[in-house]
Structures are given as C-alpha cells and as structure tokens.
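Report on one structure; see the data block that follows.
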Amino acid sequence: MSSFGEIKAVLADAAEQTRSAYRHAGVARSRLADAAAVLAELGEQHSEPLLPPELSRAEAELDNSLRLIAAAATVLADIDARL
C-alpha cells in the first residue's frame, strides 16, 4: 500500500471512530437528561432537591464534548477532501 493509501485508510478509521464517539456521547447525554428529568420529578415530592449539581455539570461537559467531537469530524472530512 502506498503512503497516500495508508493516510487515507488512517483518516477513514479516525472518521469512523469519531462518528462512533459522537453516537456514544449522544446516548450518554440522552440518558443523563432522562435521569435528570426523573430526579427533578421525584424531587418535587421532597423538601430537598434530589438532582445533584454534578449531574448538571456532567450534562454540560457532554454538550461540550459533542461540540468538540463534531468539530473533529469536520476537520477530518476537510483533510480527506483535500487529499
């Protein structure tokens, strides 16, 4: 395989791994949102809120991660298009 072909293969693999990471992070974000909704609803019946602040921070971190992963996918696609 030529160096060019090897580069294209590595880019394709990186792009697939990036898509997979985005899907997994999206599922995690969705599940955190579901958990937050359940805890918020249950918290309405208690004197103290049940939703831990760490959960909100985790949601924000996943949102940021999704943005970064999407940016990485864009860069990989751009590099591939230039080749």
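Key figures for this structure:
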item	result
Simple Cβ-charge dipole of the chain, Lys/Arg +1 and Asp/Glu -1, about Cα centre, in debye nearest 20	360
Residues of the chain: accessible area per residue with a 1.4 Å probe, Å²	72
Simple label model, 7 Å out from Cα along Cβ direction - Val10 to Arg31, nm	3.3
Apportionment of accessible area to carbon and sulfur, the chain, percent (1.4 Å)	60
Leading residue at positive end of dipole, the chain (Cβ point charges), from Ala73, Val10, Ser20	Val10
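The values are calculated or read from the model by the stated rules, or taken from the named source; none is laboratory data. What you see is a predicted model, and the numbers here were worked out from it, not measured in a lab. Neighbour counts are summed over all protein chains in view; Cβ atoms, including those assigned to glycine, are modelled from backbone coordinates with ideal geometry. Ligands, DNA and RNA are excluded from the accessible area calculation, which covers all protein heavy atoms including side chains. Shrake-Rupley method; radii C 1.70, N 1.55, O 1.52, S 1.80 Å.
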